[in-house]
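Just below is one structure, and these are the notes that go with it.
Here, each number is a calculation from the coordinates, and none is a lab measurement. Just so it is clear, the structure is predicted and the values come from calculations on it, not from any experiment. Glycine gets a Cβ as well: all are built from the backbone with ideal geometry, and neighbour counts include every protein chain shown.
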DNA sequence: CCGCAGGCCCCAC
DNA sequence: GTGGGGCCTGCG
């Protein structure tokens, strides 16, 4: 099996920090669906061993191994809060996901917790996607733009009130129009994304950050909002707009990296999701 | 059975 | 320009 070298990279933190919903841990492998690809990958030190529908070039790009993590972490490690998160999660990288899959996934994320987002996305794939297999692992490809127009299917996939916005994205966007959104400047790209129904600041920033290369995007969800108010606003309640504005100035061009590291930290501190943990080093940070 | 989850939208003030 | 309720659905 091919081996890819990667320093300053943590496969586990990158896949489990909540930026992607279609990576499943099986033993010491992660099986990852990305659009119509299915591959498996595992890490031992600096070695990434993989198999399935992937190659070095794709993986370097998908896992953003070209990001200069030293520079990025140096620029965002401005205080004890981020520094602590960096210590804990060093090697976490912002993925370069497929924009279409990312957009639909975060449309599904509205008013749901992570386990339910995963279920909804899986359900969409099972309803509309092609079956794919690697070893004994069977799953479904992510449907392409244009394939999500059937409202009955969307409802059957338990997308609920999100169905309309998914169908709208399906009819308004194409592979090309989404790729074109990667063009700076950030405010222009964000404005265009937010023309889609169901896409406001949070969803737009997730798509911009996790798939379109805008590392300054700073998605403000309820968890980050809480943490930012506690850490940077003396516990007073501040609006998401103000938080984002502050973060992008304070952290600068890599604000999105700060967001992901802080997000991981909060989920750990607050108990986060009851993810089925495989690791056996249960370190209780009792409060 | 009620309340809430990684939001958005619409409607009052 | 802010603030609060409703929304599909699943789970505690």
Between residue A:241 and residue A:7, with labels modelled 7 Å along Cα→Cβ, what's the label distance in nm to one decimal, could you check?
-> 4.5
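Report the gain in length on full extension from residue A:58 to residue A:191: 0.36 nm times residue separation, minus Cα-Cα distance, nm rounded to one decimal. Before the final figure, lay out the partial values.
Numbers: separation 133, 0.36 × 133 = 47.88 nm, distance 2.90 nm.
Full-extension gain reported as 45.0 nm.
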To the nearest 0.05, the calculated FRET efficiency linking residue A:80 and residue A:249 through their beta-carbon distance, R0 being 22 Å, is 0.70
Extension gain, residue A:111 back to residue A:51 (0.36 nm per residue minus Cα-Cα distance, nm) | 18.1 nm
Three-way shape call for segment A:137-240 based on the alpha-carbon gyration tensor, with the a/c threshold at 1.5 = prolate
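By the gyration tensor of its Cα atoms, with a ≥ b ≥ c the square roots of the eigenvalues, what is the shape of segment A:18-59: rounded for a/c under 1.5, prolate for a/b over b/c, or oblate? Could you put the intermediate results ahead of the total?
Details: a/c = 1.62, a/b = 1.14, b/c = 1.42.
Note, shape of segment A:18-59 comes out oblate.
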Under 1.5 on a/c is rounded, so check that first for segment A:1-137, then, if it is not, pick prolate when a/b is larger than b/c and oblate when it is not; a ≥ b ≥ c are the square roots of the alpha carbon gyration tensor eigenvalues.
-> oblate
Kindly provide the helix-only [θ] at 222 nm of chain A, computed as the sum of -39,500 (n - 2.57) over DSSP H runs of four or more divided by all residues, to the nearest 500 deg cm²/dmol?
-> -13500 deg cm²/dmol
